[in-house]
There are 2 protein chains.
Amino acid sequence: MTEGSIGRVTPQRLAFDTPLALASGASLPHWELAYETYGTLNAARSNAILVCHALSGYHHVAGHYADDPKNVGWWDNMIGPGKPIDTNRFFVVGVNNLGGCHGSTGPSSINAATGQPWGADFPIVTVDDWVNAQARLADALGIETWAIVMGGSLGGMQALQWTIDLPERVRHALVIAAAPKLTAENIAFNDVARQAILTDPEFHGGNFYRHNVRPVRGLRLARMLGHITYLSDDQMAEKFGRKRRPSAGSYGFGVEFEIESYLHYQGDKFAGYFDANTYLLMTKALDYFDPADAFEGDLAAALARAKAKFFIASFTTDWRFSPARSREIVNALVRNKQSVSYAEITSPHGHDAFLMDDHYYHAMVAAYVRNIKT
Amino acid sequence: MTEGSIGRVTPQRLAFDTPLALASGASLPHWELAYETYGTLNAARSNAILVCHALSGYHHVAGHYADDPKNVGWWDNMIGPGKPIDTNRFFVVGVNNLGGCHGSTGPSSINAATGQPWGADFPIVTVDDWVNAQARLADALGIETWAIVMGGSLGGMQALQWTIDLPERVRHALVIAAAPKLTAENIAFNDVARQAILTDPEFHGGNFYRHNVRPVRGLRLARMLGHITYLSDDQMAEKFGRKRRPSAGSYGFGVEFEIESYLHYQGDKFAGYFDANTYLLMTKALDYFDPADAFEGDLAAALARAKAKFFIASFTTDWRFSPARSREIVNALVRNKQSVSYAEITSPHGHDAFLMDDHYYHAMVAAYVRNIKT
């Protein structure tokens, strides 16, 4: 397949003045969503794809910005002209979720009621809330039904929730490297990450903005820990093993092993720009996600209302959301006699594999998407 | 078998005035070891067992203290009259390692040169250093040759190192839930734990003692993270799953899931008494441990000098040091045609299984130990 980039893209923003009722009981009176679109919506409005992002993603999914050509979208290898999600055929929408820190209303946005950043007052948002907000964006864009709602990890959970909450509005769901709910171990890792942020003295109960500081230490630890769970043990062994930094000292607590250097680099980079409150909100949305909960834990019952066809993919070395977790979704759909394709992809890259340019993985997605009528 | 407790025990302490040369090149001029003994050394001095502790363990291995009857030794289920390590037959020695915080010389001890706690000036210690220090204790106790050197996790690594460094002085090594060296992922977890401590504002570069504070937040995070790696995913799922605290609020960042409550309890308890510098030292000793390194990575070559017979045990759900890691040791010994027994024990308890009172596990240890002549 031809693999071009969509090229220069421009972020957009839409303000909503109808309040959004949230799962928590709270309500957002005014809110904005940052989004991007690639390709052209056809006359029948039948070729629209919604791409949902994971914990640290946002609306910049493909292409690059005129004033920042190195800032390439996080799924640029998947989406573009001639790519598995072919922008010559489809109209693709990327959106930053509510609670985010990339342009959509979130804890670092100004709360009109106070003239100050929302901070700790920003309400907890759930995957359901995101689906509702994304549906309002779809309304505004004139998209009644998505050809596809798709995403990896937490993004895949949103795709799944779409099929349950708004079954008439999704024809296909691509649920990649996801799980129907978090395990105790998943929650435990999120908890440690949150505690790192919450106990950082510069967190100031979530209102660090007004102190002109940021809980950089906590955010850095959270991201370092996250990265351990994104990579596979095998890949870490191969990429870093026990290799030492050439310049490393010995018998001290400085950086010595290559893996330490990698984690510090990732942690520092992330802590430099990401909003700590957004990190808390995203991990909490993950913890809460459990569409089967309203059906006495019966995932098949929860999915029974879905009208979409499903493409589920997992990666062999993903231990954050292992293939077994994807198979829970597949099995529930099979039990319901719903349409589902499942790809368990051999990859050394752990959870991060869903972001990688893997030939077989992309070929599977491309083959599935090619058969979707627009 | 009869399972009695050794009962009341008394910690002891021995001061050494001959400097101890360390792997780092540093030297400890004066140092002390805290230790306990159970049972009676026989006339031939052939029934002595050294029990080495893991990251947070110490010399209080079995029994309880007169003034603190609830403080039962960490391996009391394994060691006592009629237990797998039968104190009616054996003379058992538990020791707190150098760098520890339970009585042996460590960062919180007073440095005679300054009259202040050692703090950041305490030298990095390695598993080799501990073996050397333990050998000096053996000399003082009149023990030329240990019937057994044993331990779990980092304790097992010390047992392994004993057989290589002082082959004439160990007849049997019981190496339980250990590994011949850490993987990149193991080091990564240690790194995050260390960074939590090192970046805690109350760490003060390791010299927090003089500020009358302790890096409680960092230590708490380190321990929470540690606990995730000590438990198995399955066991966490069974014990905690997605259960909520009865009193938990919703849609906030307080404790909500049972697993969070468990981790916070464990973290708070540990942070209340453990020394942060000791935690750093112990994790660094783990990272450095790699007896094959001096033999171009050939573990069999490293072990070739050992004269001990080996009992190696691992636990099926241990993902910190998985059975595959124990099998590396077994395979190296088999390649050398050395004597080795191996038990791969089915257990739901993850890495922590080595501390548990598991019938099959204890029966295997008991059977091996019963055949050891004293």
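Okay, here's what the table says:
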| item | result |
| --- | --- |
| Karplus-derived 3J(HN,Hα), 6.51/-1.76/1.60, for each residue of the range A:12-24, Hz, glycine and proline x | 10, 8, 10, 9, 10, 10, 8, x, 9, 6, 9, 4, 6 |
| Sequence-separation-based contact order of the range B:32-190, relative, with Cα cut under 8 Å and 6+ spacing, percent | 25 |
| Count of Lys pairs (Cα-Cα under 25 Å; at least 8 positions apart or interchain) in chain B | 17 |
| Relative counts (whole %) of C-alpha pair distances in the range B:131-176, using bins that are 5 Å wide | 6, 26, 34, 26, 8, 1 |
| Relative packing of peptides A:176-188, A:149-161 - highest average C-beta neighbours within 10 Å first | A:149-161, A:176-188 |
| Average beta carbon contacts from partner chains per residue of A:196-207, 10 Å cutoff | 3 |
| Mean-position separation - Cα centroids, the range A:100-162 and the range B:191-260, in angstrom | 30 |
| Difference of contour (0.36 nm per residue) and Cα-Cα distance, B:Gln12 to B:Glu168 | 53.5 nm |
| Rg to Rh, two decimals, where the range B:258-374 supplies the alpha carbon set and Rh follows Kirkwood | 1.04 |
| Along each principal axis, Cα extent of the range A:256-325, largest first, Å | 51, 31, 21 |
| Nonlocal amide H pairs with B:Lys309, under 5 Å, H built at 1.01 Å | B:His172, B:Ala173 |
| Label-point gap, in nm, between A:Ala294 and A:Glu144 - each point 7 angstrom along Cα→Cβ | 2.4 |
| Segment A:Ala120-A:Asn71, length gained on full extension (0.36 nm per residue, minus Cα span) | 14.6 nm |
| For the range A:296-306, 3J(HN,Hα) per residue [Karplus equation, 6.51 cos²θ - 1.76 cosθ + 1.60, θ = phi - 60°, Hz, x = Gly/Pro] | 6, x, 8, 5, 4, 4, 5, 7, 4, 7, 5 |
| Estimated 222 nm signal from helices in chain A, with DSSP H stretches of n ≥ 4 weighted -39500 (n - 2.57), rounded to 500 | -10000 deg cm²/dmol |
| Amide hydrogen neighbours beyond the local backbone of A:Leu20, cut-off 5 Å, H modeled | A:Leu28 |
| Calculated P(r) of the range A:1-136 - Cα pairs past 20 Å, % | 48 |
| HN-Hα J in Hz across the range B:110-124 - Karplus 6.51, -1.76, 1.60, θ = phi - 60°, x for Gly and Pro | 6, 7, 4, 5, 10, x, 10, x, 3, x, 5, 7, 5, x, 5 |
| Whole-Å semi-axes of the ellipsoid equivalent to the range A:132-272 (Cα gyration tensor, √5λ, descending) | 37, 22, 13 |
| Taking the convex hull of Cα positions in chain A, its mean projected area over all directions (nm²) | 19.4 |
| Chain A, relative contact order in percent, only Cα pairs under 8 angstrom and at least six apart counted | 17 |
| Simple label model, 7 Å out from Cα along Cβ direction - B:Ala113 to A:Ala248, nm | 2.6 |
| Residues in the range B:10-24 that, when all protein chains are in place, have 30 Å² or more less accessible area than the chain alone would give (probe 1.4 Å) | B:Ser24 |
| Within the accessible area of the protein assembly as shown (1.4 Å probe), percent carbon and sulfur | 49 |
| Fraction in percent of alpha-carbon pairs per bin - 5 Å, the range B:1-72 | 3, 12, 15, 19, 21, 13, 9, 5, 2, 0 |
| Size of the range A:269-309 as Cα extents on the principal axes (Å, biggest first) | 43, 24, 11 |
| Residues B:Ala43 and A:Met356, FRET efficiency given R0 of 56 Å [Cβ-Cβ distance, rounded to 0.05] | 0.25 |
| Other-copy label distances relative to A:Tyr360, 7 angstrom Cα-Cβ extension, nm | 3.3 |
| Gain on full stretching of the segment that runs from B:Asn212 to B:Ala367 - 0.36 nm per residue minus C-alpha separation | 50.8 nm |
| Interface burial for A against B (accessible surface, 1.4 Å probe, total of both chains, Å², rounded to 100) | 4500 |
| Equivalent-ellipsoid semi-axes of the range A:181-235, from the Cα gyration tensor, Å, largest first | 26, 13, 7 |
| List of the range A:220-238 residues, accessible area with partners at least 20 Å² below that of the chain alone (1.4 Å probe) | A:Arg220, A:Leu221, A:Met224, A:Leu225, A:Ile228, A:Asp233, A:Met236 |
| The protein assembly as shown - accessible surface per residue (Å², probe 1.4 Å) | 37 |
| Span from the the range B:1-69 Cα centroid across to the the range A:43-69 one, whole angstrom | 62 |
| Compactness relative to 2.2 N^0.38 Å, alpha carbon Rg of the range B:141-223 | 1.52 |
| Calculated P(r) tail over 15 Å for the range B:76-127, as whole % of Cα pairs | 58 |
| Sequence-distant residues sharing a close amide H with A:Ser232 (under 5 Å, placed H) | A:Gly350, A:His351 |
| Shape metrics for the protein assembly as shown, restricted to C-alpha atoms - Rg then Dmax, Å | 28.5, 97 |
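The values are calculated or read from the model by the stated rules, or taken from the named source; none is laboratory data. For clarity, every value in this text was computed on a predicted model and none was experimentally measured. Backbone-built Cβ (ideal geometry, glycine too); neighbour counts: all protein chains shown. Only protein heavy atoms, including side chains, enter the accessible area calculation; ligands, DNA and RNA are left aside. Shrake-Rupley method; radii C 1.70, N 1.55, O 1.52, S 1.80 Å.
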